[in-house]
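Only one structure is covered here, and it is reproduced in the block below.
The values are calculated or read from the model by the stated rules, or taken from the named source; none is laboratory data. Not measured: the values here are computed from a predicted model. Heads up, the Cβs are rebuilt from the backbone with ideal geometry, glycines too, and the neighbour counts pull from every protein chain shown.
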Amino acid sequence: MKGSLAKWRVRAGYPVVLLYFWLAHPKLEWLVTGAIAGIAGLAIRGLAAGHLRKHEGLATSGPYAWTRNPLYFGSALLAAGLAIAAGSWLAAVVVAAYFLAFYPATLRSEESELAREYGDTFREYAARVPLFWPRPPRSGVAGQKFSWVLYRRNREYNAALGMAIVVALLAAKMIWLG
């Protein structure tokens with residue numbers, strides 16, 4: 001299911017992006033506010049990527065001690081930021097609908113995959129760390145430190161590049177619209 005879901009998430013994303021830009025009516029104050037929210041999302045995603053060793057071990061340190069899905073939580077903040085930056089309620093609804101159409105199922109699919117791969121270790125982790133909304137850890141969390149090598153290996157810089165392109169295009173549309 002994960003492969004199929006990911007395939008449709010990407011395919012559906014292209015028309016959503018076009019509709020988003022068509023509906024966008026950016027204004028400077030909304031663009032700046034949205035960019036700030038988006039940067040917060042990028043920071044969370046970047047921190048998570050610097051702790052994630054895919055298929056080498058269960059990530060439980062850094063932001064993974066606060067939420068089992070810091071990448072998706074960061075993506076939600078990033079999406080909210082881009083929805084704000086568009087300066088259009090309709091564009092915001094399109095972003096929210098896309099996110100809600102794909103991400104809850106993606107979370108469930110990945111939870112099942114992690115439970116299969118890590119068994120009781122994952123179930124114990126899941127019992128103490130919330131699925132999505134962050135909560136401070138109940139006790140000190142020892143674990144690996146942030147790694148720029150992992151950040152680069154996980155290619156998290158692509159999210160920052162994508163956001164920069166969207167903000168630049170919104171700024172260009174704002175100038176073009178006057």
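Take Ala43 and decide whether it is surrounded by fewer than 18 Cβ atoms within 10 Å (Cβ to Cβ), of a type in the set (A, V, I, L, M) and either at pLDDT below 95 or under 15 Å from Ala159 (Cα atoms) (or both).
Yes; evaluated as a whole, the condition is true for this residue.
Out of all the residues in the range 99-137, which are of a type in the set (D, E, K, R) and touching a Lys or Arg at 6+ places or on another chain (Cβ under 9 Å)?
Within the range 99-137, Glu110, Glu111, Glu113, Arg128 qualify.
All but one of (1) in contact with a helix residue (DSSP H, G or I) (Cβ under 8 Å, 6 or more places away or on another chain); (2) closer than 16 Å to Asn154 by Cα; (3) touching a residue at least 60 places away in the same chain (Cβ under 8 Å) hold for Leu71, so report the exception by its number.
(3)
Restricting to the range 40-89, give me the number of residues that are part of a loop (DSSP other than H, G, I, E, B) and either among the hydroxyl-bearing types (Ser, Thr, Tyr) or farther than 29 Å from Thr121 by Cα (or both).
Total meeting the criteria: 5.
Any idea which of (1) buried (at least 18 other Cβ atoms within 10 Å of the Cβ); (2) outside any helix (DSSP H, G or I) is the one Trp133 doesn't satisfy?
Just one mismatch for Trp133, condition (1).
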